[in-house]
Structure formats: structure tokens, C-alpha cells
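For reference, the structure discussed in these notes is given below.
The values are calculated or read from the model by the stated rules, or taken from the named source; none is laboratory data. Keep in mind that what you see is a predicted model, and the values were worked out from it rather than measured. All Cβ positions, glycine included, derive from the backbone under ideal geometry; neighbour counts span all protein chains shown.
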Amino acid sequence: MKNALEIINLNKTYRNGFEALKNINLEIESGDFFAFLGPNGAGKSTVIGIISSLVTISSGTVKVLGEDITDNPDWAKKNIGIVPQEYNLNQFIPIEETMLNVGGYFGITREVAHSRTYELFNQLGIWEKKDLTPRELSGGMKRRLMIARALIHKPNILILDEPTAGVDTELRLTMWDFFQEINKKGVTIILTTHYLEEAERLCKNLAIIHKGEIIQNSSMTDIYNMKKNKTYLVKSSDRITSDIKLDSFNVNMLDEYTIEITCENRFNISDIINELNKKSISVLNIINKRNQLEELFMELTNTGVSNDS
Amino acid sequence: MTADHIVAFKTIIRKEFLRFARIWIQTILPSVITMFLYITIFGNFIGDKIGSIKEFSYIEYIIPGLIIIPIITNSYMNVVGSFYSGRFQKSTEELLVSPVPNWIILVGYVSGGVLRALIVGFAVYVVTIFFIDIPIHNIPFVLFITVLTAFLFSIAGFINAAYAKSFDDINIVPTFVLNPLTYLGGTFYSIESLPQIWQDVSLFNPIAYIVSVFRYGFLGLEETSIYVSLTIIIVFIIILFKIGLIMLEKGIGIKN
């Protein structure tokens with residue numbers, strides 16, 4: 001099967017001289033749910049802009065399902081759906097009209113576009129809003145509209161550029177289910193996000209871009225195996241009165257009820273709970289201090305991660 | 001042109017028509033009111049004092065120019081407003097990420113401008129015939145010139161929209177270029193009545209040829225060579241259309 005996306009020696013230098021991409025190479029298999037991560041300004045949106053024909057290539061090749069996007073841009077455009085990071089909706093026309101127009105640009109008749117709009121809007125819970133303009137929609141509804149719009153022509157590849165930014169938790173979970181459902185149907189999904197737990201939960205493979213270069217490209221499983229240590233926060237139901245020492249674990253008291261435990265990757269949560277029970281500490285709850293992807297991300301990019309990450 | 005292209009082309013025209021029809025108070029009505037005022041002032045208050053020009057009453061002489069002015073400004077403003085607004089909201093990206101060929105994007109937007117110009121032109125003509133019995137010498141020719149003129153200024157509007165960096169930029173050309181050229185293009189007077197030097201200067205004003213040839217269609221009065229005028233209009237259309245296409249292909253103003 002052909003790769004959904006193949007990027008070969010891709011470079012981009014903007015007119016102001018800023019070198020946004022430095023010899024990027026990347027392959028994404030068809031059917032993958034791929035996380036494309038990086039700090040702000042790393043080059044993610046430039047790569048997405050190039051794939052979607054909104055940014056010109058300085059040098060290099062991008063292939064969509066085996067076809068060079070420079071030689072055959074229509075092929076790429078027909079096979080890709082884009083959900084951009086910024087709202088790019090016509091603010092003055094009803095959202096159903098937006099769908100029919102975009103369908104029309106892809107050669108879809110109004111009748112067919114109408115039935116697809118009905119289906120997508122119902123799946124995303126915005127059919128009742130079809131006569132409103134984007135100005136009258138909440139941020140979450142606009143996001144859903146942009147997702148529906150990207151799918152009107154049934155693309156094989158869906159590119160999601162921070163699709164859940166500014167979306168409440170409940171809606172985010174609903175959107176995750178929606179993305180997983182369409183991925184199961186064979187649509188390759190490329191996701192950029194600042195919510196690393198989102199990437200960890202949804203994606204099979206990932207690449208991290210930093211300062212215009214790919215610094216990590218692997219499967220999620222490999223990411224988990226890369227970390228030597230992990231850190232948990234443990235909440236006790238009883239007051240912890242003295243310093244605790246545990247074999248094989250580093251313990252740090254945070255307050256009278258909370259301790260931070262760092263251990264090697266080979267240990268699991270039940271090992272920690274057993275050790276604590278031996279010390280007569282009953283565990284109320286235990287959580288990862290930081291998810292593993294987040295730790296790796298910070299190590300690789302040497303950046304702080306924003307609070308929402 | 002494939003079936004997909006036809007659907008895309010119809011979609012752009014429909015979108016453009018709905019856009020200006022939805023805001024008809026801003027897009028259609030002002031030209032109608034302006035025409036009413038021109039006829040009232042020049043037809044009733046001033047016209048009789050000026051007398052006649054080349055066997056036509058003053059109001060009859062200026063009516064073709066008064067009709068072509070809104071055709072020029074509306075075709076220009078429709079495309080510059082619509083395309084720049086799309087760029088400003090980034091909604092043009094919907095079109096740019098789709099497989100619509102550049103020439104269809106250009107012709108689609110331009111057709112929207114032509115459509116508005118035709119509607120406005122017809123509306124102001126209807127206002128005219130309420131007050132003045134003005135026969136049209138050659139109806140097909142008038143329609144032909146209307147479409148050519150609207151096409152030309154719609155493309156110009158498109159190029160302006162692609163270059164514009166702010167809403168100020170889309171008003172600079174209409175205010176400082178189009179309006180002077182239009183009012184100095186023989187709309188309100190015969191260029192032959194000017195001193196020789198200003199007649200020579202007027203030869204470099206393309207709108208003077210448009211007004212003249214449009215006047216011929218209405219009154220049968222040939223002030224400049226019809227063939228020269230048509231050639232100038234068509235050459236301008238070809239040049240500007242090519243520039244518009246190159247801009248789209250290179251992504252000037254729309255791609256990074």
C-alpha cells in the first residue's frame with residue numbers, strides 16, 4: 001500500500017529569510033493516526049500549509065498517496081481534508097451554505113453536498129445550527145463546522161491542526177471518538193496538538209519537529225520504552241507523619257498527604273501500592289505526574305510545556 | 001472544462017450573486033439613487049441652461065456616461081470587496097485547497113462582478129426611462145460594451161484585492177484613479193470641446209474610449225473610432241486577465 005504522505009528533503013525559507021523547514025523527511029502510512037508535534041513556531045503549520053497548497057515549497061518533494069503535489073496538485077487536494085488551526089470561515093453566510101459551497105468547489109452537486117452535510121452535521125451535533133452564520137456559533141461549534149467542511153469531499157487523509165484548541169473537555173472527548181471512528185474506516189489522520197495526552201491517547205505513531213527539523217519519528221510504543229524512569233503522585237487517605245523510605249523507589253514528600261515517587265520503567269503501579277501498604281500507607285489515588293510523551297517532548301525540545309499540555 | 005469544473009464555476013457565481021444580493025441596499029440601491037439625483041439636477045435644474053451638444057440635449061448626451069460610471073465602479077468594487085474580504089477572513093482558503101483551476105477562480109469572481117454590473121446598469125437605465133425618453137441606437141452593442149467594460153474592471157478589482165494589505169488599499173484605486181479617470185473621460189462634456197492639449201491628454205485615458213463607445217451604442221454618435229476603442233478595451237482585458245492568472249499561479253497575496 002502506498003504511503004499516505006511522503007516528505008523528501010523538504011525545505012522552506014520565507015520571503016523575509018526565515019528558514020522554517022530544514023531538510024524534512026517523513027513517511028506516514030495509509031490508515032495511520034499520526035501525531036505531528038512540536039513547540040510553537042517549530043514548523044508544523046508550515047508543513048501543513050505546504051501539503052494543503054497554501055504555502056509554496058522552496059525545495060524538496062511532497063507526495064500524497066504516491067503522487068507529487070507539485071506535479072499533480074489536484075490529486076492531492078481531492079485526497080486531503082484540512083482543519084486549520086485558525087478559524088477561516090466566511091462569517092456572513094449560513095453554515096450549511098458554506099458546506100454546499102465547499103462541496104461545489106470539489107465538483108459535488110448541491111443535492112449530494114446537502115445529504116453529506118446532513119450526515120456530518122448530525123454526527124457532529126450541529127444540524128440544528130445549519131441556518132446560523134459562524135458569527136453566531138460558539139468556538140466549539142466552529143471547530144465542528146471546520147471538521148465537517150474538511151470531510152465534505154470524503155478525503156482519504158484528514159489533517160487536523162490543533163482541532164480541539166479551546167474546546168471543553170466533554171466536547172473534546174466526543175471529538176476524539178469521532179476521529180477514532182473515521183480512522184477505523186480507513187481515513188489517515190495527521191494530528192497536531194498541544195494537548196500531548198490527546199496525541200498519546202489517539203495516535204499510533206508520531207514525529208516531533210523542533211526549529212524546522214524532525215528530531216523524533218517513531219511509534220508510541222517506542223516512546224514508552226525510551227523513558228528509563230517515571231514519576232507518580234500518590235495521595236494517601238491517612239496523614240503521613242514521618243519520612244518514608246522505599247526499596248527501589250525515590251520518595252519525595254510534597255505535603256502530609258501527598259508523596260512523589262520516582263521509579264524505573266520496569267515497575268508498575270501495583271508494585272508501588274504493595275510497597276506503600278507494607279509501610280501501612282493506604283493509597284487514595286495515584287496518577288502519573290506527567291505523561292511519558294510530555295516528558296520526552298520536554299527533553300527533546302528543551303522547552304517548558306504550556307499549562308494546557 | 002470537466003463536469004467538476006462546471007459545478008465549481010456555478011458555485012462561485014452563485015456565492016457571488018448571493019453576496020451582493022443579500023446586501024442590495026449597499027450594492028444596488030446607491031447607484032439607483034445617484035442616477036435619480038443626476039437626472040434631477042442635470043435634467044431639470046442645469047441641463048437647460050447648458051443647452052445641447054451635437055444635436056442632443058445635455059441630459060441625453062450625458063446619460064450613457066452616467067450609466068457606464070456605475071457599471072465601472074460596481075464591477076470593480078464587487079470583486080475587490082468580495083475577494084479581499086475572503087482573504088481578510090481567510091475563507092478564500094476554502095477555494096485554494098480545492099481542485100478548482102486558477103482560471104475558473106478568476107473567471108468566477110469576474111463573472112460575479114459582471115453580473116452585479118449588469119443588474120446595476122439595468123436598474124439605473126430603468127430609472128432613466130422614467131424621466132427621459134432615450135432610445136438605444138444599438139441594443140446588442142450596448143450589451144456587448146457593458147459586458148466588456150464590466151469584465152475589464154472586475155479583473156482590475158481582482159488584482160487590486162490580491163495586492164491589498166488592508167481595507168484602505170481597496171479604496172485607494174477607486175478614489176484616486178478610477179473616479180478621476182471616469183469624470184475626466186468625457187462623461188459630462190465632449191472631449192472635442194476641450195483645449196487641444198487636454199484632448200491629447202484624454203487620449204491616454206482608457207475610460208474616455210469606453211464612455212465614447214458606449215455613447216455610440218446609445219446615441220449613434222461616433223466621437224472616437226469604434227474599432228480603436230474596442231481594440232483598446234480588449235487589449236486591456238487580455239493583459240489584466242493574464243496578470244490575474246499569474247498572480248493566482250504564483251500565489252501573490254494569497255500564499256506564503
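If you go through segment A:282-302 and pick out every residue that is in a loop (DSSP other than H, G, I, E, B) and modelled with pLDDT under 85, you end up with 4. Specify which of the listed residues (A:P73, A:P94) is within 24 Å of B:T2 (Cα to Cα), surrounded by fewer than 17 Cβ atoms within 10 Å (Cβ to Cβ) and not assigned by TED's automatic domain parsing to the domain that holds A:E295. One residue alone meets the criteria, A:P73.
In segment B:55-92, of all residues being more than 16 Å from B:S154 (Cβ to Cβ) and among the hydroxyl-bearing types (S, T, Y), the one that is nearest to the other protein chains (Cβ to nearest Cβ) corresponds to B:S91. Which one is nearest to A:Q91 (Cα to Cα) among residues in segment B:10-26 that are within 9 Å of chain A (Cβ to nearest Cβ) and part of a helix (DSSP H, G or I)? Checked segment B:10-26; the qualifying residue nearest to A:Q91 (Cα to Cα) is B:R19. Checking each residue in segment A:190-214 for being modelled with pLDDT of 90 or more, within 12 Å of A:F297 (Cα to Cα) and either among the β-branched types (V, I, T) or assigned to a loop (DSSP other than H, G, I, E, B) (or both) picks out A:I208, A:I209.
Suppose the filter is under 21 Å from A:F179 (Cβ atoms) and either of a type in the set (D, E, K, R) or more than 25 Å from the chain's Cα centre (by Cα) (or both); does A:D32 pass it? Criteria met by A:D32. Sort out which residues of segment A:100-135 are at the interface with chain B (Cβ under 9 Å from one of its Cβ atoms) and outside any helix (DSSP H, G or I), and write them in order of number. Hits for segment A:100-135 are A:F106, A:G107, A:I108, A:T109.
From the list A:N88, A:N40, the lone residue that is within 11 Å of another protein chain (Cβ to nearest Cβ) and in a loop (DSSP other than H, G, I, E, B) is A:N88. Pick from A:E97, A:E19, A:E67: which is under 25 Å from A:R149 (Cβ atoms) and more than 8 Å from every other protein chain (Cβ to nearest Cβ)? It is A:E67.
Set side by side, the residues A:I50, A:I57 differ, and just one is over 17 Å from the mean Cα position of the chain (by Cα), crowded, with 22+ Cβ neighbours inside 10 Å and more than 9 Å from chain B (Cβ to nearest Cβ), which is A:I50. When B:I28 is tested against (1) under 25 Å from B:S212 (Cβ atoms); (2) surrounded by fewer than 21 Cβ atoms within 10 Å (Cβ to Cβ); (3) touching a residue at least 60 places away in the same chain (Cβ under 8 Å), just one condition goes unmet, and that condition is (1).
Among the residues of this structure, B:S85 counts as one that is part of a helix (DSSP H, G or I) and either crowded, with 18+ Cβ neighbours inside 10 Å or not charged (D, E, K, R) (or both). For segment B:115-131, does any single residue satisfy the condition of being within 30 Å of A:L54 (Cα to Cα) and in contact (Cβ under 8 Å) with a residue 60 or more places away in the chain? Within segment B:115-131, one or more residues are within 30 Å of A:L54 (Cα to Cα) and in contact (Cβ under 8 Å) with a residue 60 or more places away in the chain. Remark: pairs (first residue in segment A:213-232, more than 16 Å from A:C203 (Cβ to Cβ); second residue surrounded by 17 or more Cβ atoms within 10 Å (Cβ to Cβ) and polar (S, T, N, Q); Cβ separation under 6 Å; 6+ apart in sequence or on different chains) = A:K227/A:Q292.
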